[in-house]
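Written below as C-alpha cells is the structure these notes are about.
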Amino acid sequence: MNLNNKSILVAGGAGFIGSHLVDRLIDERPENLVIVDNFYLGEDKIRNLASAKRRFPSLKVYHKDAAKIRLMKRILKRESIDAVFNLAAICLPASLIKPKWVHDTNVAIASTFCELLRKDHFKTLIHFSSSEAYGSAEQIPMREDHPLKPSTPYGASKIASDHLILSYCTTFGIDASIVRPFNIYGPRQNEGTYAAVIPQTIKRILQGESPVIHGDGLQTRDYTYVTDLADATIKIYEVKATRGKVLNIASNSETTIKELISKIAKLMNCKKPIIYDKPRPGDVRRFFGSNSLAKKLINYEPEVSFDEGLGYTIDWYSDLFASQYKSTLSV
C-alpha cells in the first residue's frame, strides 16, 4: 500500500505531532490532503501548518470537532477520503481538571471513526494511542503486552479508544492499525498552556529563569524525535501486517527528568541552579519502551539521536521566542 494519489484526512493535524505528520505525508504525493482540528490549544497553532501550506497549496483545514459523527461523515464524503490518521485528542493535563470531558471526548472521536469506517465512508484508519495507557513500568522494556494500568483519565481514554478500535477490527473487519508512541519531542510541541517538560524548560531558560523539576527528578521517560514517529507512521500504513495490532514507537532507552533538564541547561549554557518543586498529579514513574514489534513488522529504527534532536528543538524555540524574550544566555 502507498499514499500516492490518495485522499488523506489528518484529525488533529494542526497539532505538534499532527503537523509533522502532515509534512511527511506531503512527501508521499497525495492527491488531496485535509486537516480537521478544533484548535483547542489556540488559534495560533495554525502556524504549525505554514510549511505544509507552502508545499501543498491545496491543503484544506476544517476548524471542526472530530467527535461529531454527522459532521465527519459529510467531510469524508465531500473530500472522498481514502485514509484517516487520527491524532485528535484532548491532552493529558486537561484530564486532571476536566476528567469526564477529556475521557468522553477522546473515546467519542475514536468511536466516530470506527463507525464511519465500518460503514465504508473511508478505507483505512491509523489511530494514535499513547504510552500513558500502560502507566508506570512493571516490566522492562515495556512491550505491547505490558499491563494497562493508567494513572490519569487521559490514559484511561486512550485504553478505551484502543480497545474499541481492536474490537471493530475483530467483529467488523475494519482496516485499522494503532500507533502507541512513547515520549515524543521536537519543534512545535505546545509551549503555552499544558506545556510539556522540554518546551517548558527551554522557555524558562530563555526568560532567564531557573529550570524546574517536579518531584525528585528520577522519573524516567523514553524520548523519540517527532520526525522518527512520522516516518514510522507512514510505514505502519504501508504494511498490511500491522492491521489489528498496536505498535510501540520508542527509543529502547530511558532518561531521567533530572538528566534531561541538566542536558538542556548545559546545551543552553544556563548557569542558574535547578529548582525542585512538588510532584505533578498522576506523574508516571518509569517509561522504557520496546520497539521489538515495530522492528519486526516495519523494520523500524530511530534515526535522530537524543542530543541531535534536543539541539534542533532548542534552536527552534530560540527562534520562536527571539522576538518575545531578551535572553542574556549564549544559545
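Tell me which residues, restricted to the stretch 196-234, are part of a loop (DSSP other than H, G, I, E, B), open to solvent by less than 20 Å² (accessible area, probe 1.4 Å) and either under 23 Å from D319 (Cα atoms) or out of contact with any helix residue (DSSP H, G or I) (no Cβ under 6 Å at 6 or more places or on another chain) (or both).
P211, G215, D222
On the given criteria, is Y237 among the hydroxyl-bearing types (S, T, Y) and in contact with a helix residue (DSSP H, G or I) (Cβ under 8 Å, 6 or more places away or on another chain)? Against the criterion (among the hydroxyl-bearing types (S, T, Y) and in contact with a helix residue (DSSP H, G or I) (Cβ under 8 Å, 6 or more places away or on another chain)), Y237 does not qualify. Looking only at the stretch 35-70, residues that are within 20 Å of the chain's Cα centre (by Cα), farther than 14 Å from H20 by Cα and not charged (D, E, K, R) come to 11 in all. Kindly check whether there is at least one residue in the stretch 41-53 that is open to solvent by 10 Å² or more (accessible area, probe 1.4 Å) and touching a Leu at 6+ places or on another chain (Cβ under 7 Å). Taking every residue of the stretch 41-53 in turn, at least one turns out to be open to solvent by 10 Å² or more (accessible area, probe 1.4 Å) and touching a Leu at 6+ places or on another chain (Cβ under 7 Å).
Search the stretch 29-58 for residues being in contact with a His (Cβ under 8 Å, 6 or more places away or on another chain) and in contact (Cβ under 8 Å) with a residue 40 or more places away in the chain, and hand back the single one that is farthest from N5 (Cα to Cα). Lay out the reasoning, then the answer.
Within the stretch 29-58, the first condition is being in contact with a His (Cβ under 8 Å, 6 or more places away or on another chain), and the residues that meet it are 37-39.
Within this subset, residues satisfying the condition of being in contact (Cβ under 8 Å) with a residue 40 or more places away in the chain are 37-38.
Values: D37: 23, N38: 26 Å.
Looking at the filtered set, the residue picked out is N38.
At least 3 residues being over 27 Å from V197 (Cα atoms) is the threshold, and among the strands (runs of 3 or more DSSP E) wholly inside the stretch 23-123 those reaching it are 32-37, 60-63. If only residues of the stretch 277-312 that are of a type in the set (A, V, I, L, M, F, W, C) and part of a loop (DSSP other than H, G, I, E, B) are counted, the one that is surrounded by the fewest Cβ atoms within 10 Å (Cβ to Cβ) is V304.
The values are calculated or read from the model by the stated rules, or taken from the named source; none is laboratory data. Note that the coordinates shown come from a computational prediction; the quantities given were computed from them, not determined experimentally. Neighbour counts are summed over all protein chains in view; Cβ atoms, including those assigned to glycine, are modelled from backbone coordinates with ideal geometry. The area values use the complete protein model at the heavy-atom level, side chains included, leaving out ligands, DNA and RNA. Shrake-Rupley method; radii C 1.70, N 1.55, O 1.52, S 1.80 Å.
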